[in-house]
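See below for the structure under consideration.
The values are calculated or read from the model by the stated rules, or taken from the named source; none is laboratory data. Note that the coordinates shown come from a computational prediction; the quantities given were computed from them, not determined experimentally. Methodologically, a virtual Cβ is constructed for each residue, glycine included, from the backbone with ideal geometry; neighbour enumeration extends over all protein chains shown. With ligands, DNA and RNA removed, areas are computed over all heavy atoms of the protein, side chains included. Shrake-Rupley method; radii C 1.70, N 1.55, O 1.52, S 1.80 Å.
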Amino acid sequence: MKDDNSLANGGEPPSDHRLQSLKGFHSAGRGFWRDVPAADWNDWHWQLKHRITMPEQLQRFMPTLTPEEFAGAKLANHKLALAITPYFFNLIDPLDEHCPIRRQVIPRIEETRTASWEMSDPCGEDSHSPVPGLVHRYPDRVLFLVTDRCAAYCRYCTRSRLVSNASGYDFHPEFDKPIAYIAQHPEIRDVLLSGGDPLLLSDEKLEQLLGRLRAIPHVEFLRIGSRIPTFLPQRITPELCAMLKKYHPLFMSIHSNHPRELTTEVRDALGRLADAGIPLGNQSVLLKHVNDDVTVMKAHIQKLLMCRVKPYYLYQCDLISGSAHLRASVRQGLEIMTQLRGYTTGYAVPQYVIDAPGGGGKVPINPDYILSHNADRVVLRNYEGKIFEYPEAPDGTPLSSPPKEIEAPQMI
Ligand SMILES: *Cc1c(COP(=O)(O)O)cnc(C)c1O
């Protein structure tokens with residue numbers, strides 16, 4: 001029975017040292033910026049202003065940059081811009097070409113290679129957009145794209161067509177039309193702010209927006225999708241938290257993929273959000289050589305709980321153009337899910353989903369736990385592979401007489 005074993009390292013149990021480095025909380029440190037005053041380093045505006053955005057800068061800060069990465073960085077500004085906050089850059093291990101942090105934010109030349117089944121709008125959002133900046137796919141909720149900018153850019157971004165404005169898509173977020181649409185549609189009870197990253201807006205602008213949405217009586221529930229807690233934890237100021245607190249019920253979905261992203265800085269920022277009463281969920285993307293390994297995934301989701309975050313969704317990587325080098329298989333994803341459920345805290349286990357190509361929305365993907373569903377019983381498999389039966393009449397009512405026989409548990 002596999003338990004703590006890694007998929008990527010051929011089933012060898014990880015060394016204590018490796019597990020410890022995944023589970024412990026460490027600071028990102030200042031690295032190249034060690035002479036920068038703490039007041040600047042901890043100021044989110046300073047972090048944004050000093051982002052690494054040019055291939056030459058990247059090469060200067062990381063002499064181990066490979067030719068594939070340098071070429072990728074050169075071409076990035078025609079597709080999805082290159083930007084990395086100094087804080088997040090310091091999490092990269094420059095000596096490890098396959099560093100899981102590095103793969104997420106440093107472009108590679110493979111990004112320019114597009115397979116015929118890859119798309120610029122893999123989730124078909126544009127076809128469900130009644131007004132620019134709004135996606136209305138599900139009956140009672142909308143996705144509201146409030147900005148086209150992020151603190152840093154994930155190389156597998158599903159919205160790279162409109163984020164960072166590098167690909168000439170010409171998206172100019174504005175609030176009036178989406179808000180008017182929401183106000184005119186009483187079935188919309190849930191508004192999800194995303195983009196781009198809504199927490200890049202100033203406190204004032206974000207508060208205005210939340211206030212306008214809260215003024216609509218049928219909007220019950222607000223959420224913000226943001227990667228700022230992991231890219232730029234300095235942004236999560238006490239003032240921001242005090243402002244957000246006024247707009248409850250407000251949830252936040254953060255985005256983290258690897259335990260090394262959960263630093264002491266991030267843990268403290270998430271603590272401030274949680275203390276403001278904001279329930280926190282995490283959305284991860286299953287990424288090759290980043291988190292397609294059960295040891296890494298388990299350490300990550302357990303560490304998220306330590307940060308007061310419930311792992312919400314694990315996404316199969318969308319078929320976004322130029323992402324093949326980052327995509328892990330559905331088979332691998334299901335294998336990881338099989339090794340999480342039952343083996344660790346239920347709260348830690350995310351729902352694995354595929355956002356159906358072309359606009360079908362999120363489809364839950366689960367290992368099979370129902371082996372058969374007959375006239376008088378449901379046959380189940382537990383996490384250990386033992387078989388159990390749940391007696392039930394064909395019409396779904398409890399049985400009036402015992403089923404023919406209940407077999408003793410057996411292994412499959
Ligand atoms: C993911 C998503 C939502 C929110 O879905 P939940 O399952 O409620 O978290 C809403 N609208 C769109 C277009 C989405 O992609």
Worksheet item: Of 335, 69, which has the most accessible area and how do the rest follow, probe 1.4 Å?
Response: 335, 69
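In square angstrom, what is the accessible area per residue of the range 232-350 with a 1.4 angstrom probe?
It amounts to 32 Å² per residue over the range 232-350.
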Fill in: Using alpha-carbon coordinates, inclination of helix 264-275 to the longest axis of the chain, degrees
70
Discussion item. Keeping all protein chains in place and using 1.4 angstrom, which order do 119, 54 fall into by accessible surface area, from largest down?
Written reply: 54, 119
Worksheet item: Under a 5 Å amide H to amide H cut-off, with H placed in plane at 1.01 Å, what residues pair with residue 119 once short-range neighbours are removed?
Response: 320, 321
Worksheet item: What accessible area, in Å² to the nearest ten, does a 1.4 Å probe give for residue 25?
Response: 50
Response to the item:
Carbon and sulfur atoms account, in whole percent of the 1.4 Å probe accessible area of the chain, for 55
Fill in: Rg to Rh, two decimals, where the chain supplies the alpha carbon set and Rh follows Kirkwood
0.99
Discussion item. Rounding to the nearest 10 and keeping the result within 0 to 90°, find how far the Cα-based axis of helix 203-214 lies from the longest principal axis of the chain.
Written reply: 40
Worksheet, complete the sentence: About its Cα centre, the chain carries a charge dipole, from +1 on Lys and Arg Cβ atoms and -1 on Asp and Glu Cβ atoms, whose size in debye to the nearest 20 is 640
Item to complete: Over all alpha-carbon pairs in the range 119-254, figure out the percentage whose distance exceeds 17 Å.
Response: 58
Worksheet entry | Relative contact order, percent, the chain [alpha-carbon distance under 8 Å, six or more residues apart] | 15
Fill in: Helix 294-306 axis, angle to the chain major axis (alpha carbon atoms, nearest 10°)
70
Fill in: Heavy-atom SASA rank of 66, 114 (probe 1.4 Å, accessible area, largest first)
114, 66
Worksheet item: So what are the ³J(HN,Hα) numbers for the range 107-121, from phi and the Karplus equation (6.51, -1.76, 1.60; θ = phi - 60°), rounded to whole Hz, Gly and Pro as x?
Response: x, 10, 4, 4, 4, 8, 9, 10, 7, 5, 8, 8, 9, 8, 10
Worksheet, complete the sentence: Of the convex hull drawn through the C-alpha atoms of the range 298-339, the volume per residue in Å³ is 92
Discussion item. Largest first, please: the extent of the C-alpha atoms of the range 16-112 along each principal axis, to the nearest Å.
Written reply: 37, 36, 21
Worksheet item: Rounded to the nearest 500, what is the chain's calculated 222 nm mean residue ellipticity when only DSSP H runs of at least 4 contribute -39500 (n - 2.57) each, over all residues?
Response: -7000 deg cm²/dmol
